[in-house]
Amino acid sequence: MSLPQETSVSHNMRLFLAVIVLITPTSGETPAVHVSLTDKALHYGAYAGAQWMTDKLKDVSIPDISGEIYILFDNLHYTLMGITIENVKFPEPSVEFYPGRGLDASVSDVSVTLTGGWITRFGLIQDGGTFQMNVFNTDVTFAVQLGRGVGGHPFVTSVNCEAHVGGVDMQFHGGGSWIFQPFVSKYRDRVRGEIEDKICPQLEESIIKLDYRLQVFGVSINVSKDLTLDLGLTDDPVIDVSSLNVGLKGVIYSIKTHAEPPFAPQPFSLAEQPDSMLTLGVSEFTLNSASYAYYSAGLLQILLNDSMIPSYSPVHLNTSSFGAFIPQLPKMYPGLLMNLQLYAREVPVVSFQPGLVTLDLQGAVKAYAIQLTGAQIPLFTLNTDSKFSGKVWTAGGRLKGSAEMKNLTVTLQATEIGGFETAALENLARVGAKLAITKLNQRLRKGVELPRLKHAELTNTTLEVETGFITISTDAQISLTEDSTD
């Protein structure tokens, strides 16, 4: 008797293991991102998976089954076709962390009722009808090991599997079933054994397929057209009886330069959060690596011209308007438009302190006058040093925040038009910054929705800013839909 090559059960077990394995790290580096998965998540996943499989298995397509049995003096050739699953009893599996290794899982008392049609050939006699098969009291236990593969990819391998089918009952109806039905009981153990022998090989084959996918799956994710996030695994998993704790590289690179940041993440650890399914810790290093990626690729600069200034602004980019701040400018270059090149002098630095996020910016402004020919005349360079702080929190399923300017100074770094006082320009910059922050805070108060996964919604989410990192603790509400096997 041949069985289908892969069931929806084994496919979805791969999906479950993939989530676990993709957050299982390698060794040798200090992680900038920590992930902690608790047994609360495992137990909820087992519950939700059992509910889904009970419904989904009824839609599984089972191929025809052919074979032969010896009756009296000849072989009876049979084919079971049009097989459908009429009833499923799939109790909630038990899934536990195995300290230092991976996962142990078991499910007991699984029962399935199948119906379909049968056709037989016994010598020159052909016949057909319908059948019902009950497979009951099926128990399966298996264990997988999680680890580091080549190139920092995770691997998963089966280390143990046992399956036991309690019994099989087959009833044939129609045609000449009354002739061979009495012989079915003689082969019941054979059929039970064939089903039993197929379970573990199919599970192991599914794990091999999952492992192959993990080896070819990229560990970097493009987060924008300019940046890529490296989620390479950095350490061996730390697994105890109640949680799985892993570290990820968490470095953001410029796609253009892929330059390594000239600084390293500082070690940190997550406090236990047994009441949450998942806790994510992100260090300030990750954000600063993004800052460095933009800086190293030359993306932290912008050229402002007068067309970008609102018409209602009292100040415009021309030498006449700037004469109020630099008296000699309109005398030297009367009636000319201006360009301002804004750029970062150094890498902007983000830091986390308890309850507070700060941003230090060291920028510069290079001013040009534009001749009628289009040529640019350098005028002066200003250094700007500013510091901003903010708070972030979650409320009503949204990420919200607030920001304020702590300091802003403007100094003259170089000039081609002679010296001048910068106090008035500094006041102008402060006004502009405060207007920008006011608009930013309007958006931050509304917030943005927390990320929604394809088949899960984050619930009971909390965010805390600690020294050097932030933690996000959350539960999840799983919604397994018709395309959950994609």
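The values are calculated or read from the model by the stated rules, or taken from the named source; none is laboratory data. Everything quoted here is computed from the prediction, not taken from an experiment. Positions of Cβ are backbone-derived with ideal geometry, glycine not excepted, and every protein chain shown enters the neighbour counts. Only protein heavy atoms, including side chains, enter the accessible area calculation; ligands, DNA and RNA are left aside. Shrake-Rupley method; radii C 1.70, N 1.55, O 1.52, S 1.80 Å.
In the list ILE417, ILE472, ILE437, which residue meets the criterion of being among the β-branched types (Val, Ile, Thr), free of Cβ contacts under 8 Å to residues at least 60 places away in the same chain and either on the phi > 0 side of the Ramachandran plot or open to solvent by less than 60 Å² (accessible area, probe 1.4 Å) (or both)?
Step by step, each of ILE417, ILE472, ILE437 is checked, and only ILE437 is among the β-branched types (Val, Ile, Thr), free of Cβ contacts under 8 Å to residues at least 60 places away in the same chain and either on the phi > 0 side of the Ramachandran plot or open to solvent by less than 60 Å² (accessible area, probe 1.4 Å) (or both).
Report those strands (runs of 3 or more DSSP E) wholly inside the range 207-296 carrying at least 1 residues which are at pLDDT below 90, open to solvent by 60 Å² or more (accessible area, probe 1.4 Å) and of a type in the set (S, T, N, Q).
220-222
Where residues in the range 155-169 are open to solvent by less than 50 Å² (accessible area, probe 1.4 Å) and under 8 Å from PHE142 (Cβ atoms), which of them is modelled with the lowest pLDDT?
Pass one, the range 155-169, residues open to solvent by less than 50 Å² (accessible area, probe 1.4 Å): 156, 158, 161, 163, 165-169.
With the extra rule that they be under 8 Å from PHE142 (Cβ atoms), the set shrinks to 158, 161.
On the way: SER158: 88, CYS161: 91.
My answer is SER158.
Quick one: in the range 322-334, of everything that is farther than 17 Å from VAL410 by Cβ and open to solvent by less than 50 Å² (accessible area, probe 1.4 Å), which residue is nearest to the chain's Cα centre (by Cα)?
Of everything passing the filter in the range 322-334, GLY323 is nearest to the chain's Cα centre (by Cα).
Check the range 303-314 and report whether any residue there is within 27 Å of TYR253 (Cα to Cα), open to solvent by 80 Å² or more (accessible area, probe 1.4 Å) and assigned by the TED database to the domain that holds GLY281.
Scanning the range 303-314, I find at least one residue that is within 27 Å of TYR253 (Cα to Cα), open to solvent by 80 Å² or more (accessible area, probe 1.4 Å) and assigned by the TED database to the domain that holds GLY281, so the answer is yes.
Out of the range 351-371, which residues are buried (at least 19 other Cβ atoms within 10 Å of the Cβ) and of a type in the set (Val, Ile, Thr)?
VAL357, ILE370
Taking LYS186, is it out of contact with any helix residue (DSSP H, G or I) (no Cβ under 7 Å at 6 or more places or on another chain), assigned by the TED database to the domain that holds PHE97 and at pLDDT below 80?
Yes; evaluated as a whole, the condition is true for this residue.
For every residue, the table says whether it meets (1) among the aliphatic types (A, V, I, L, M); (2) touching a residue at least 60 places away in the same chain (Cβ under 8 Å); (3) in contact with a Pro (Cβ under 8 Å, 6 or more places away or on another chain).
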| site | (1), (2), (3) |
| --- | --- |
| LEU372 | yes, no, no |
| SER386 | no, no, no |
| VAL392 | yes, yes, no |
| LEU428 | yes, yes, no |
| LEU450 | yes, no, no |
| GLU457 | no, no, no |
| ASN460 | no, yes, no |
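Within the range 372-392, take every residue that is open to solvent by 70 Å² or more (accessible area, probe 1.4 Å) and modelled with pLDDT under 95 and give me the one that is nearest to LEU435 (Cα to Cα).
For the range 372-392, the residue satisfying everything is LEU372.
State yes or no: is GLU346 in the same structural domain as TYR368 (by the TED database), among the acidic types (Asp, Glu) and open to solvent by 70 Å² or more (accessible area, probe 1.4 Å)?
On the way: in the same structural domain as TYR368 (by the TED database): yes; among the acidic types (Asp, Glu): yes; open to solvent by 70 Å² or more (accessible area, probe 1.4 Å): yes.
It is true that GLU346 is in the same structural domain as TYR368 (by the TED database), among the acidic types (Asp, Glu) and open to solvent by 70 Å² or more (accessible area, probe 1.4 Å).
Being open to solvent by 70 Å² or more (accessible area, probe 1.4 Å), out of contact with any Cys (no Cβ under 6 Å at 6 or more places or on another chain), modelled with pLDDT under 95 and of a type in the set (Asp, Glu) is the requirement here; does GLU482 meet it?
It is true that GLU482 is open to solvent by 70 Å² or more (accessible area, probe 1.4 Å), out of contact with any Cys (no Cβ under 6 Å at 6 or more places or on another chain), modelled with pLDDT under 95 and of a type in the set (Asp, Glu).
Would a scan of the range 140-157 turn up a residue that is farther than 30 Å from VAL216 by Cα, of a type outside the set (Gly, Ala, Ser) and not assigned by the TED database to the domain that holds SER242?
Within the range 140-157 (the criterion being farther than 30 Å from VAL216 by Cα, of a type outside the set (Gly, Ala, Ser) and not assigned by the TED database to the domain that holds SER242), the answer is no, since none of the residues qualifies.
Filter the range 76-112 for residues that are among the hydroxyl-bearing types (Ser, Thr, Tyr) and either touching a Ser or Thr at 6+ places or on another chain (Cβ under 6 Å) or open to solvent by 30 Å² or more (accessible area, probe 1.4 Å) (or both); which is modelled with the lowest pLDDT?
So, considering only residues that are among the hydroxyl-bearing types (Ser, Thr, Tyr) and either touching a Ser or Thr at 6+ places or on another chain (Cβ under 6 Å) or open to solvent by 30 Å² or more (accessible area, probe 1.4 Å) (or both), the one modelled with the lowest pLDDT is TYR78.
Among the residues of the range 409-430, how many are out of contact with any Leu (no Cβ under 9 Å at 6 or more places or on another chain) and under 22 Å from VAL357 (Cα atoms)?
Within the range 409-430, residues that are out of contact with any Leu (no Cβ under 9 Å at 6 or more places or on another chain) and under 22 Å from VAL357 (Cα atoms) number 1.
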